[in-house]
Amino acid sequence: MQTSEITDPYKWIISQTVERVKETLSELGYEVDLNTLLELVEEPSVEAYGDFSLPLFKIAKKYKVNPIKLASNIVENLSSKMPAYLIDVKNVSGYVNFYINYPEATKLLFNVVRNLGEKYGYVPVDKPKRIVIEHTSANPVHPLHIGHGRNSVIGDTLARLLRKRGHIVQTRFYVNDLGRQVAVLLYGYINAGRPKPPENIKPDKWLGQLYAVTNTLIEIYELKREAEKTKEADEERYRELVARLDTLLAVASELRSVNPELFDILAENLKSKDNEAEIQELMKKLEYREDPKLEEDLRRVVELCLKGIRETLRVLDIDFDKWDYESDLTWSSHVKKILEIAFNSPYFTYYKNAPAIDLTKLANKDLYRKLGIRLSMEIPPLILQRSDGTTLYTTRDLAYTLVKFNDFKADMVINVIGAEQKLPQAQLKLALYALGFKREAVNLVHYSYEMVNIPGMKMSSRLGRMITLDEIIELMLEKARREVEKRTTLTTPEEREEVVKAIAIGAIRYTLISTSATKPVVFDMDQALSFETNAAPYIQYTHARANNILRKHREKYGEINWETIDYKAVEENRKRKQLVKLALKYPSTIAKAADDLKPEILVEYVNKLADTFNSWYQEDPVIHELNPGKRNLKAAITYTIKIILANTLETLGIKAPPRM
RNA sequence: GGGCCCGUAGCCUAGCCAGGAUAAGGCGCCGGCCUUCGGAGCCGGAGAUCCCGGGUUCAAAUCCCGGCGGGCCCGCCA
């Protein structure tokens, strides 16, 4: 392989080395697979133990030999003819420790970086996959809140990351417009006399209020009726109901103060109706397309809400390739077809008197492992239809999953959905498998994430108690604006505002993506708003500084002269070596983050890189370096780091302003 | 009652899947650095029974079993 073909220099160095180890082992009579060896390679915990190392315990055990003896054999062989990118090999208590020849490795790094330029870090897989990512998919009944924010940021970042890995990605938003929640909103909208949305309020916010008022009133009237009935019969139950009623009345009074006219009309109109029955009727009419006027209302309300949601997402730099409507899906033949297959399936059954798919027969270790489901999970049958014949969300999701696979000819479908939906997502997979869609079942990924909590706040969008994502964005912008005014070197208001946006949005995205999805996030505003290290503005600032150094270098000395770089000088300073090593590892870091679907790996990496770079240029100045060979080395390091910072931020969906 | 996820310094987080050499960062705290490329920065310091108890192993934060604590799920909602 020519160096011009190398995209991942660190992997290249390691595999060159490991191949020699394999040969040595082979000469000693131990045949070990190359990949096995590569997997064993690890990063020593202490710098003194070298740049990378190979623990020999497993191999030694397999062949019943002393690991220290084995290590010494390997070291002897490699030392006699040192591989090009190594300077030393040592045998320490069963490990072989490898020391990189930094001048050579730096030369390799710069060759790759010069060759790929802005594309450094882009390591396409051999066989790109077609991947659909469905994310956000919020019910179009209220504005997005911080939990949706986590979903959107995860989905969008995964899309960017997988594209960087060469996959062909399509993002989709599933508009859940036939669920109960939209029906409630629609019911409220109609009973409020189809009011025109006010001009001075974002449409999703206004609809959120309408939704919350409707919901709260329905619950209040329901509770009142129930309380009336139990008053004499069951005193304990009665008291419980009254207590719940009290809380709801408090919520109602909050809601009324926000929008009194709307509240009063609905309070009057819902008072003496059987609201539950009417909503059920409404859902039925929608699913069976019995009322064109109703469909018109539905579309109007949903579009209005989506308009607001889209606006929020655009601010976060998130867009979608496709918007899918649950109603379109249901009204087309897709759902009907899947029902037909289900009714004729050997897994078909009745559960709680409703048509269902029996999934218990599929509970076996091998299948569950293949589908990524825990065997200890008890999975009840999947109910397909309500007694009135209307379908349920998961039934329609069954059809939708097939649409996602077929429409895009996808090899894999990733659903970014909260952890609270693990059970229905497992049912979905198993049902697909049961109905014969085995490939789809295996390649359907539920990317599950935990909740986002705001300290001191119990959120409920049903009751209209929540901080919206818009409000959080607004707060972040204000704070960013104050900080920028304090520190910026930029002069025009336009430039400043652009940086304000970059910082505020970056800080939100960074906070939401930096914690592993399996952990709940506490969205502490003050912490997210802090511009300290380990936050997006810190990375952006580091990038701007690197950019600044390069600009000054160019003004004073012209372009970097790669031919005159003094590679030996990389060894003069420990941090130069650390930076070279980190830069070498960038492509494999991107690859791992993408392959493991773990963007937080990239966050961890870029932080380390920024830290190291900041401390380096402080002790080892670039522009003031008098020796041209060394100066070009330093400028080339700076250039490399700048490219990596910019690429990483781009992958995380965070803007990297050249100046701040 | 059953299931899923989480538990790492005062606080937040990485490492756990594929066990390995002195547990890695950040916030906060204490002390230092503004005449050198932008102080949104840098240097130094204190701070950890890796929730607890067993087990497997030459070796456990990591794997297995049993507890404890927190969140979530167990609907003809999504």
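Quick look at the values:
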item: Least to most buried among A:Glu222, A:Glu47 (fewest other Cβ within 10 Å first); result: A:Glu47, A:Glu222
item: Per-pair calculated FRET efficiency, R0 = 30 Å: A:Arg114 and A:Lys556 via Cβ, rounded to 0.05; result: 0.90
item: FRET efficiency, 1/(1 + (r/R0)^6) with R0 22 Å, evaluated for A:Lys322 and A:Lys409 via beta carbons; result: 0.95
item: Difference of contour (0.36 nm per residue) and Cα-Cα distance, A:Leu28 to A:Ala84; result: 17.9 nm
item: DSSP bridge orientation in chain A - percent antiparallel, rounded to nearest 5; result: 50
item: Summed side-chain charge close to A:Glu650 - residues other than A:Glu650 whose Cβ falls under 11 Å, Lys, Arg +1, Asp, Glu -1; result: +2
item: Gain upon complete extension [A:Thr36, A:Phe57; 0.36 nm per residue less C-alpha separation]; result: 6.3 nm
item: Cα centroid separation, region A:154-173 to region A:84-109 (Å); result: 36
item: Region A:3-100: relative contact order in percent, alpha carbon pairs under 8 Å with at least 6 residues between; result: 25
item: Whole-Hz ³J(HN,Hα) from phi, Karplus 6.51 cos²θ - 1.76 cosθ + 1.60, for region A:92-109, glycine and proline x; result: 10, 5, x, 10, 9, 9, 10, 10, 6, 7, 4, x, 5, 5, 5, 4, 4, 4
item: Estimated inter-spin distance, A:Arg574 and A:Ala363, nm [label 7 Å along Cα→Cβ]; result: 5.7
item: Added length on full extension, which subtracts the Cα-Cα distance from 0.36 nm per residue, A:Ser45 to A:Ile201; result: 50.6 nm
item: Cα radius of gyration and Dmax for region A:372-417 (Å); result: 13.6, 36
item: Partner lysines for A:Lys231 [C-alpha distance under 23 Å; skip if fewer than 8 residues away on the same chain]; result: A:Lys271, A:Lys273
item: A:Val169 long-range amide H proximity, modeled H, under 5 Å; result: A:Ile131
item: For A:Val92, residues with placed amide H under 5 Å, excluding near neighbours; result: A:Asn97
item: Electrostatic dipole magnitude of chain A [Cβ: Lys, Arg +1; Asp, Glu -1; Cα centre; debye, to 20]; result: 1600
item: Relative contact order, percent, region A:53-207 [alpha-carbon distance under 8 Å, six or more residues apart]; result: 18
item: Estimated 222 nm signal from helices in chain A, with DSSP H stretches of n ≥ 4 weighted -39500 (n - 2.57), rounded to 500; result: -19500 deg cm²/dmol
item: Between helix A:469-487 and chain A: long-axis angle, C-alpha atoms, 0 to 90°, nearest 10; result: 40
item: Local electrostatic count, A:Leu86, Cβ distance below 10 Å [Lys/Arg +1, Asp/Glu -1]; result: -2
item: For region A:7-105, alpha-carbon Rg over 2.2 N^0.38 Å; result: 0.99
item: Rounded tilt (10° steps) of A:493-514 against the dominant C-alpha axis of chain A; result: 90
item: Sequence of A:Asp324, A:Asp51 once ranked by neighbouring C-beta atoms within 10 Å, starting from the fewest; result: A:Asp324, A:Asp51
item: Relative contact order (percent, whole number), chain A, Cα cutoff 8 Å, 6+ residue spacing; result: 16
item: Most positive-pole-ward Cα, A:Phe531, A:Val570, A:Thr489, against dipole of region A:482-601 from beta carbon charges; result: A:Val570
item: Residues in region A:483-506 that a label on A:Glu474 would reach, taking backbone N under 18 Å of a point 7 Å out along Cα→Cβ; result: A:501, A:504-505
item: Surrounding net charge for A:Leu430, when Lys and Arg each add one and Asp and Glu each subtract one, Cβ distance under 15 Å; result: +4
item: Pairwise FRET efficiency - A:Glu532 versus A:Glu281, Cβ, R0 = 51 Å, nearest 0.05; result: 0.35
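FYI, it's all coordinate maths here, none of it is from the lab. Note that this is a predicted model, so its numbers are computed, not measured. Don't worry about glycine lacking a Cβ; one is built from the backbone with ideal geometry, like all the others, and counts go over all protein chains shown.
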